[in-house]
Amino acid sequence: MTTALRTELHLPAGSAATHGYDLEVTPEVAGWSHSSLRVLSLAAGAEHSLDTAGEEMIVVPLTGGVDVEVGAEACGLEGRRDVFAGPTDVAYLPIHSTATLRSEAGCRVALTGARTDTVLPFRHVAKADVPVELRGAGSCSRQVRNFGAAGVFEAGALIAVEVITPGGNWSSYPAHKHDEETETESALEEIYYYEIAPGPHGEPGLGFHRTSASDAGDIDVLVEVRDRETVLVPHGWHGPCAAAPGHDMYYLNVMAGPGERAWKITDHPDQAWVRATWADQEVDPRLAGHP
């Protein structure tokens, strides 16, 4: 079995900044083979060009809008005020393509990525076409925006979704894993990128992330996560992700693996019973109207 050190898996804001990116997690940085994530800030009127090489990517505006150009094709992403304002439109970047991103008013965007040999076209998905679902109930209520989910969006290997957890709630719970290829489970490397809403007077928020060992290897992560921090999950039982009361939690999940492009998971046997309790609970009213 292998041992993963906490300091390698929890990336404080700014600690993985490089090559013009606020955050750059490549497979080499993570020590794995498939999943990647970059976060890019553009000042008003600025532009950035990149070569996707062997990675497919989805451009996800975090704040503001961005224009995306790939060869003779282009689209404008309206974006949003911030990640708590609702879903966003996104753009898919094919492998071995050169993309240019421009922003008239300034923006922050995430580039979710995965290595693949699959060739697919450049595409734009309007925010109205992003499936939004509510999962759980009571204090386990959360909203999931499935812009890049398997079975929803065609891709070679990349799976990506956004999750909103109201302050005081738990998500990624029951703890679950996806670190082996079986009929009921898929092997997926996963990135959690967090943004935490501030308090009413700008007070910084916080949450907690837990990952523990499975048969795939030793791992022991229990960290306080702050705004714009990242946690890598190479294997193991992960969850809960707990949002501190008063501070809504956002995370962007990026997943990819060597096998079938599917999100098949195994619940932790000590916690699987929790799902049955949701039938007798209401969904958190703070999520009312979404979707």
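The values are calculated or read from the model by the stated rules, or taken from the named source; none is laboratory data. Keep in mind it's a predicted model, so treat the numbers as computed, not measured. Note: ideal-geometry Cβ built from the backbone for every residue, glycine included; neighbour counts use all protein chains shown. Heavy atoms of the whole protein, side chains included, go into the accessibility calculation; ligands, DNA and RNA do not. Shrake-Rupley method; radii C 1.70, N 1.55, O 1.52, S 1.80 Å.
Some observations on this one:
- When shorter helices are ignored and each DSSP H run of at least 4 residues is given -39500 (n - 2.57), the per-residue value for the chain at 222 nm works out to -500 deg cm²/dmol.
- Label zone at residue 224, where the point sits 7 Å out along the Cα-to-Cβ direction: the range 154-169 residues whose backbone N lies under 17 Å: 168
- For the range 176-253, alpha-carbon Rg over 2.2 N^0.38 Å: 1.22
- Equivalent ellipsoid, the range 1-121 (semi-axes from 5 times Cα gyration tensor eigenvalues, Å): 25, 19, 12
- Since only 126, 112, 163 are under comparison, the one whose Cα sits farthest along the positive direction of the charge dipole of the range 44-186, derived from C-beta charges on Lys, Arg, Asp and Glu, is 163.
- The largest-to-smallest principal axis extents of the Cα set in the range 220-290 are 39, 31, 26 Å.
- Share of carbon and sulfur in the accessible heavy-atom surface of the range 210-291 [1.4 Å probe, %]: 51 percent
- Once exposed loop chymotrypsin sites (Phe, Trp or Tyr not before Pro) are cut out (DSSP; at most 14 other Cβ, 10 Å), longest piece of the chain: 85-272
- Size descriptors for the range 139-291 (Cα atoms only): Rg and Dmax, in that order, 15.4, 49 Å.
- Counting only protein heavy atoms and a 1.4 Å probe, the chain has 42 square angstrom of accessible area per residue.
- Percentage, to the nearest whole number, of Cα pairs in the range 100-214 over 16 Å apart: 73 percent
- Debye-sum result for the range 39-186 in log10 I(q)/I(0), which assumes one identical scatterer on each alpha carbon, at q = 0.09, 0.19, 0.20 Å⁻¹: -0.31, -1.18, -1.25
- Surface composition of the range 58-143: carbon and sulfur make up 49 percent of the accessible area, probe 1.4 Å.
- Here the range 1-154 is treated with +1 on each Lys and Arg Cβ and -1 on each Asp and Glu Cβ, and its dipole about the Cα centre works out to around 620 debye.
- Calculated over the range 23-92: convex hull of Cα atoms, volume per residue (Å³): 111 Å³
- Cut-off under 5 Å, modelled amide H: who pairs with residue 247 long-range: 167, 168
- Once the convex hull of all Cα atoms in the chain is built, its volume per residue stands at 126 Å³.
- Accessible-area value, residue 98, 1.4 Å probe, nucleic acids and ligands omitted, Å²: 80 Å²
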